[in-house]
Every structure is written in C-alpha cells, then in structure tokens.
Amino acid sequence: MNDVFEVLSALLDGEDVDIERLMGVLATADGRDALADFLRTRQVVRADDADPHPEFVARLRSSLVPRRPGLVRPALAAAAVLVLAFLGGWWMGVHRDAARAPGAASPPAVTRTLTFERNVDWHDVP
Amino acid sequence: MGSKAVVAGLVAAAATGLSIGAAQVPPASASRTVVTVRLRVSGTSTVAPSGWWAESVEHLRAGESGRVSVNAGKIGAQSLCGGIGAGASSSDAAHAWTADIVLISASIDRIGVRVSWRRFDGGAAVAGDTRELVLAEQTRYPLDFLSVSEPDRGGCGAASASVEISADVAEPASLAETILDYEIWRVHEDGRGGRWSERTLASARQGEQAEFWFTPVTWPLPSGCDVAVKVSGEIRGRLRDDGTIEMAVSPSRRLEHTVPAIRFPDRRAGSETGKKVVDVGPGQSVRFVLPSATGSSGLPCGDPQAPALRVDWAALLANHQTSIIVRPSVRRQ
C-alpha cells in the first residue's frame, strides 16, 4: 500500500513517475480508490479559506491588552520561571510533608504551652 | 432561677474546710453563667423498656441555691409503679428524693455543687447525706439506688430505681447553634531527633464534647513484643460573647505492651488522663505537654511459657515527650 501512495503522491505533486508502476497501481481497485481520495482531499483543501473570518479577528483584537513591543517575550519567560518555581516548591513540599502528616505541613505555631502535672491534673485511669 | 442568696452556704463551706479543687470561689467571668441542674430518677423494668422516669430541673448561677425533687410509687404501695413525677411533696409518694443544691462554681466542664439529698419512704427520711462534687458536663452522678424484690415489683415490673444528678452550662440562644472546629495535632518526640506528628480534625456544637484519636506510635522490641503510645482525648469548647473560646481539653494516653505475632494478642496497658481549661483567642493554638511515662508492665513475648518481659516505661521512654496542640475555630458559612 505504501508503494501505491508513493506513486500517486508523486503524480499529484507533478513529479516524474514510473509509468509501468502507475499502470499497475491504477489496475487495482485499491489504487483507484486511493487516487480518488487524494483528489477529493486536494479539492477540499483548495476550497477552504486560509484566512480567519474578519469577525473572529475583530473579537480577538478587542480582547488583547496593548503591551509594549519587545517586552512580551521576556515577561512571559519570567512568569513561566516563577510559576515553575512555585509549582516545584509546592510539589516538593506536598510530597515531603505527606509522609508525616496528611493535609498540613506541620503543627501550627503555638501561642501558649501548658504542662500536665502527674497527680495534680494528670491521673491514672482506675 | 434559684433566687436565694447563699452567702451563708459559702461561709459554711469555708468554715468546714471543704474544698472543690481550685473552683471554690466563683470567677468573676463565670458569675453570669447559668447552670442547669437536673435530678433524674431512672428505672429498670422486667416488662417495660428501661429508661428515665422523671426529672426535676433548676437553673442556678454561682452562689445561688435551689431544690430539685423526684418521686416514684404511690403512697402505701410497695412497688415503684405509678406516681412517678417531679416536684411532688414527699408525703404523697412511696419513694421520694429531694436534693438541695448550692452552685458553688461554674466553668466549662467543672461545675462545683454542694448537694444535700434525702430519700423519703412513705414520708419518712431513710437515707441521704451532704457531699460536694465537681461535675463534668453531660455526665450523671449517682446519688442513690433502690432495688425492689420480685414479689413487690407490681404490674409495671419495676425492679430498681437509680437517682442521679447532673449539671450543664445553659447555652444562651444567640450562641447555642455555634459549631466549633478543632485542628488537633499529636507530636511525639524521642529526644534524639525522631518526631512523629499527626493531624486530625474534630468538631462539636457549642458546649458539647468532641472526641479525637491518633494512630499509635509503635516500636518493636527485640523480644518479640511491641510497645505503643496511644493518644486520644476529648475537647469541650464554648464560644463567648467577646469572641474568645473557652476549652476544656482532656487528653488520654495509653502505654501498651503487646505480642503482635499472635492473632488476638494479649496486652498490658496503663491509661492516664487529665483535664485543663484554657481561654483561646481567635486563631491561637495551645500546646498541652503530657507528663513523662511511668510505671511498668510485664508480658511473655513470643512464648507464652516464657517468663514475662517487664517494660520499665520511664526507662524505655526516657526523654520522650508527647504533646497535643489544639487550634479551635468557629465555623462560618
């Protein structure tokens, strides 16, 4: 089948082809069907307008924020670095802490510490 | 609301040297607290569902006194059938209980009362005493128990009656529907850099008790036994008008010595508990440090015929420290 496609593709691209091979391909039903498919695809592509519709272009332009030329790419690159750094730190933090305590990294900072005293406010249960 | 001033009662308590922990003098902040005191008679029956029969209620502030009464059985009858109620005169009932209550102090989960109770059978006082108690909220304290022999149980089959007293802080309507959430941590440190932290969440309505549990911190011993520190507990919290939260925190610790290799392991354990009351501001966290372990337990490890291996908890867990950290918050919609 690859041989069929090669011959037909070369033919449609205007290249020289081996006439005997082409005759052999066109002698088969698969070869003729393949040629028909190639021609149908090419016609569809030619009929399609390559330019975006003017209304789409207008909507896209209205949604864009004006920015100074020359700063767009560096700003995007810097933002990407920051996002990656944040996500990386978050990812590492989540996976490090998950082994210790699911749902939170570490105990909250305490504002008071109270100590139980045995036989005062700490007792054996009978 | 009990209206009698009980200065005399407080003076008498001081004069007799009776004390109720550190709560003998009502704190100023507690003077507005209203406590609901209940005297309840419950019974068992051979022919009817068991449960509580009658309840008498009094609302008191610290320093006030009141009387609660319940009764069971008709006068002249041996059984407890009929005549069950609250507040009736003792001479109208076969058995009647009356308790004169003085509310000495009122803080969360620690309500100090002096109870003078009497039981009247056919109008005659037959039992009773005066005692001072510190009552935990939502806990009933037994005062008296009455058993009825089989021939005297009557048509209702009442076999016994018990009389209990309880005291709970009455919640103001504006705060009664408050939901309190608790973020709770158990942190166990071995003193050599080892640290086992675990977080859990609990919640409860205003003034009600929330329970929490943590997974055991376990160490295998070369003998084949395991030892484990298990921590659980209870928290009762109450939002105040000023936005602070009053908490009674009661952690419990169980030091357990087990043989894990057998299906239903024998175990030796000692349980300890304590309670602390603390006021917490919004967003604040409090650490509660548990005392060092003490005591020992013995268990044959692996071979039931072998002599028991005795674990000295103080030596085994020397330098270890277990803490509970609690951060309460008020749930908002």
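Derivation of every value follows stated rules applied to the coordinates shown; laboratory data play no part. All values derive from a computational prediction rather than experimental measurement. Here Cβ is always computed from backbone atoms with ideal geometry, including for glycine, and neighbour counts include all displayed protein chains.
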Scan region B:209-301 for trypsin sites (Lys or Arg not before Pro) in coil per DSSP, keeping those whose Cβ has at most 10 other Cβ atoms within 10 Å, and list them by number. B:ARG263
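Got a sec? How would A:THR113, B:THR244 order by Cβ neighbour count within 10 Å, fewest to most? Please list the in-between numbers first.
Working: A:THR113 12, B:THR244 16.
By the 10 Å Cβ count, ascending, the order reads A:THR113, B:THR244.
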So B:ALA306 and B:LEU201, fully extended at 0.36 nm per residue minus their Cα-Cα distance, gain in nm 33.5 nm
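Once you charge only the Cβ atoms, +1 for Lys and Arg and -1 for Asp and Glu, what is the size of the charge dipole of region B:183-317 about its Cα centre, to the nearest 20 debye?
Values: 18 positive and 17 negative charges, 19 e Å.
In debye, rounded to 20, region B:183-317 gives about 100.
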Length released on extending from A:PHE38 to A:GLU20, taking residue separation times 0.36 nm less the Cα-Cα span: 4.5 nm
Spatially proximal aspartates and glutamates relative to B:LYS276 (Cα-Cα < 13 Å; intrachain offsets below 8 disregarded): A:GLU117, A:ASP121, B:ASP109, B:GLU234, B:GLU246
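I need the calculated FRET efficiency for the pair A:VAL120 and B:ASP121, taking r as the beta carbon distance and R₀ as 45 Å, to the nearest 0.05. The partial results should precede the final answer.
Working: r = 42 Å, r/R0 = 0.94.
So, using R0 = 45 Å, E works out to roughly 0.60.
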Based on the Cβ-Cβ distance of B:GLU211 and B:TYR141, what FRET efficiency does E = 1/(1 + (r/R0)^6) give at R0 = 22 Å, to the nearest 0.05? 0.60
Which peptide among A:16-29, B:167-180 comes first, and what is the full order, when sorted by highest mean count of other Cβ atoms within 10 Å? B:167-180, A:16-29
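Using r as the Cβ-Cβ distance of B:THR294 and B:TRP219, and R0 as 22 Å, what FRET efficiency do you calculate, to the nearest 0.05?
0.80
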